[in-house]
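The structure under discussion appears below in the form of structure tokens.
Read-outs: derived from the displayed coordinates by stated rules, not from any lab. Everything numeric in this text was worked out from a predicted model, so none of it was measured. For neighbour counting, all protein chains shown are included, and Cβ atoms are generated from backbone atoms with ideal geometry for every residue, glycine included.
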Amino acid sequence: MTFKLFFNAITKFLLGVVLVGVLIFLPAGSFSYIYGWILMGVLFIPMFLAGIVMIFKNPALLKSRLDAKEKQKDQGVVVALSGIMFIVGFVAAGLTYRFNLYTLPKVVVIIASVFFILGYLLFAEVLRENTYLSRTIKVQENQSVVDTGLYGIVRHPMYSATLILFLSMPLILGSIYSFVIFLVYPFIIARRIKGEEELLEKELVGYKEYKQKVKYRLIPFIW
């Protein structure tokens, strides 16, 4: 662990907390938006704990996860679309609370929170199985194809985990309007997967054979 890595990690973490908080509570016009606090808790507490673990156990993976600058123009568009989705979705949830619009039942919020935690656990397992994972699409030095565990079921289990996480978020916030906005995410991630697989086929030895072995990209028996 280096001080630079720690400083970079804690800075990005705190910026994330502030940004999400502003996007949720400013449109809500109040800090009394309890569902907003629930999302902040289930989102950032596990994230903080995971970061602590990676700092001491696998700093190289943490450094890779902090690198969010896409080198491919097409993937930069995908990241931008995701950012717009989050901004519009969180603002919509805050406005739902402010103007007392239809709010999902508490049981939906509770179930969504459970699914969110399960999505985090799935994400953690993916990180354990594949230490080459980064936030940007690239092939690292000495990288090899991982085809066991979750990677023996679908080719992109990390995106399967994010699908659960991101579609749970608006439900935790209790906003059906926000959920409708977040429904664009599967289409965004499908575009990202297409570009990622094109790169991996060209630059990662054995990936073409892996695609023949594992047929499904994101959801078993569906796609």
Rg/Rg_ref, the range 156-223, where Rg_ref = 2.2 N^0.38 Å and atoms are Cα | 1.33
Once amide hydrogens are built 1.01 Å from N within the peptide plane, the residues lying 5 or more places from Tyr216 or on another chain with amide H under 5 Å from its amide H are Arg155
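So what is the diffusion coefficient of the chain in µm² per second by Stokes-Einstein at 37 °C and 0.692 mPa s, using a Kirkwood Rh over Cα pairs? Intermediate values should be presented prior to the final figure.
On the way: Rh = 18.6 Å.
This corresponds to a translational diffusion coefficient of 177 µm²/s.
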Can you give the angle from 0 to 90° between the axis of helix 157-172 and the longest principal axis of the chain, with both taken from C-alpha atoms, to the nearest 10?
-> 0 degrees
Expected 222 nm ellipticity per residue - DSSP helices of 4 or more, -39500 (n - 2.57), all of the chain, to 500 = -23500 deg cm²/dmol
Under Stokes-Einstein, the range 1-133 at 20 °C and 1.002 mPa s, with its Kirkwood radius over C-alpha pairs, diffuses with a coefficient in µm²/s of 128 µm²/s
Round to the nearest 10 and give me the degree value, 0 to 90, for the angle of helix 3-28's Cα axis relative to the longest principal axis of the chain.
-> 40 degrees
Could you please report the charge total around Ile193, scoring K, R as +1 and D, E as -1 over all other residues with beta-carbon less than 10 angstrom from its beta-carbon?
-> +2
